[in-house]
Amino acid sequence: MAETTIAYTDETAPGSLITRDGQIQWAGLLMGPGTPYQIDRSGLSGWDDLPTLDTGDVPRPDQHGAWPGAVWAQPRLVGATVWLVPPTADRSLDTSTTFRAATGPEGGERWLAVRLHGETLAVRARVSRRVVPQDRTYVRQGMAKASLQWTATDPRRFGAALRQGQATLPVSEPGLVWQSDAGSGLTWPLDWGGAGVAGSFTAVNEGGAPAHPVVEFRGPIRRPTLTRMSDGRQLQYDIALGVGDILTVDTEAGTVLLNGTASRLYTATPASTPEQLFRLEPGSTALAFRSNDATPDPRASATVRWRDSHW
């Protein structure tokens with residue numbers, strides 16, 4: 001029987017502070033209704049837009065048009081105008097310093113989450129622009145009309161929930177138990193044995209963009225393999241994992257790590273597809289978990305985690 005897909009709750013979801021529509025969470029700063037950081041009536045720019053696209057089209061030398069090539073999206077630029085509105089005049093400094101601290105330049109990307117019409121989506125981004133006019137209203141009351149811009153190098157927007165599917169190695173159904181010491185060989189009531197294990201599950205990406213999952217193979221297992229049933233594309237590694245060993249494949253970064261530290265990218269077999277091409281397309285993707293073990297160990301498993309991906 002196929003395994004089920006569930007939500008992975010062992011992490012803090014993007015937008016965990018958001019409680020109503022129109023709110024924005026940048027890292028630990030909550031903006032929008034009910035906060036000292038109100039979003040201007042002009043709203044956001046670049047959030048629901050299709051990013052600028054690069055194409056590999058090649059002009060035809062002997063006729064009109066071009067040969068179509070691959071299409072790739074450029075980074076997403078998200079802009080917002082935010083009003084700094086201190087709850088009281090004596091809280092002006094706290095409001096502005098908190099805003100400055102949260103919107104400074106960062107070395108790494110962080111979650112920018114937005115909730116609209118009950119749906120929370122998020123991107124990994126960095127602040128790339130901040131303008132806070134020091135006008136008379138700001139000096140006297142602490143109010144300011146600030147402009148922010150974020151750059152998301154991955155233009156896809158992701159669902160707040162991290163989804164997870166897991167499978168163990170397939171086990172056949174044992175069938176009827178034959179009693180060799182009985183006269184007929186079978187006794188009533190018949191014992192049909194336990195249920196088999198299919199070693200597969202279906203991952204559902206409810207967005208409209210391909211998702212890059214993170215795959216964890218857990219030992220004991222020899223030559224773990226995860227196959228996409230729709231086209232036979234697979235991840236396969238010529239490695240033996242012991243009890244407690246975890247081989248983590250990040251298909252976005254293209255890395256293969258043993259126990260979180262040692263690279264084992266070189267163990268990919270010739271039948272294994274490049275990691276970054278192993279994606280979960282929009283909709284349902286059936287996945288099968290296999291190995292080279294003659295006798296499957298029930299402790300071996302493959303865990304797949306992903307977020308719904310949206311343009």
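The values are calculated or read from the model by the stated rules, or taken from the named source; none is laboratory data. The structure presented is a predicted model; accordingly, all values stated were derived computationally and were not measured. No Cβ is skipped: glycine too gets one built from the backbone with ideal geometry, and neighbour counts run over all protein chains shown.
Of the residues examined, residue 165 is not one that is among the small types (Gly, Ala, Ser), in a strand (DSSP E or B) and at pLDDT 95 or above. Answer with yes or no whether residue 68 is farther than 25 Å from residue 305 by Cα and at pLDDT below 90. No: the conditions fail for residue 68. Listed by first and then second residue, the pairs linking a residue in region 230-254 that is under 24 Å from residue 284 (Cβ atoms) and in the same structural domain as residue 290 (by TED's automatic domain parsing) to a residue that is crowded, with 16+ Cβ neighbours inside 10 Å and basic (Lys, Arg), with Cβ atoms under 8 Å apart and 6 or more places separating them unless they lie on different chains, are 234/228; 236/223; 251/279. With respect to (1) touching a residue at least 60 places away in the same chain (Cβ under 8 Å); (2) within 29 Å of residue 163 (Cβ to Cβ), the lone exception for residue 83 is condition (2).
In this structure, residue 258 qualifies as farther than 23 Å from residue 154 by Cβ, under 21 Å from the mean Cα position of the chain (by Cα) and either modelled with pLDDT of 95 or more or of a type in the set (Lys, Arg) (or both). Scanning region 48-99 for residues that are charged (D, E, K, R), within 24 Å of the chain's Cα centre (by Cα) and assigned to a loop (DSSP other than H, G, I, E, B) yields 48, 49.
I'd like the residue in region 115-134 that is part of a loop (DSSP other than H, G, I, E, B) and within 13 Å of residue 96 (Cβ to Cβ) and, out of all such residues, is modelled with the lowest pLDDT. Step through it out loud before you land on a result.
Here is the first cut: in region 115-134, the ones part of a loop (DSSP other than H, G, I, E, B) are 117-118, 132-134.
Next, only the ones that are within 13 Å of residue 96 (Cβ to Cβ) stay: 132-134.
Working: 132: 90, 133: 87, 134: 83.
Once the filter is applied, the top-ranked residue is 134.
Among the residues making up region 77-94, those that are surrounded by 15 or more Cβ atoms within 10 Å (Cβ to Cβ) and either within 17 Å of residue 40 (Cα to Cα) or of a type in the set (Lys, Arg) (or both) are 78, 79, 80, 81, 82, 83, 84, 85, 86. Residues in region 140-156 that are surrounded by 13 or more Cβ atoms within 10 Å (Cβ to Cβ), part of a loop (DSSP other than H, G, I, E, B) and at pLDDT 90 or above: 154, 155, 156. Residues of region 253-280 that are surrounded by 15 or more Cβ atoms within 10 Å (Cβ to Cβ) and part of a loop (DSSP other than H, G, I, E, B): 264, 272, 273, 278, 279.
Among residues of region 100-139 being surrounded by 17 or more Cβ atoms within 10 Å (Cβ to Cβ) and either hydroxyl-bearing (Ser, Thr, Tyr) or not assigned by TED's automatic domain parsing to the domain that holds residue 80 (or both), the one that is farthest from the chain's Cα centre (by Cα) is 138. When 289, 278 are screened for being under 30 Å from residue 72 (Cβ atoms), of a type in the set (A, V, I, L, M, F, W, C) and either assigned by TED's automatic domain parsing to the domain that holds residue 210 or within 20 Å of the chain's Cα centre (by Cα) (or both), only 278 passes.
Scanning region 281-303 for residues that are within 17 Å of residue 223 (Cα to Cα) and not in a loop (DSSP other than H, G, I, E, B) returns 287, 288, 289, 290, 301, 302, 303.
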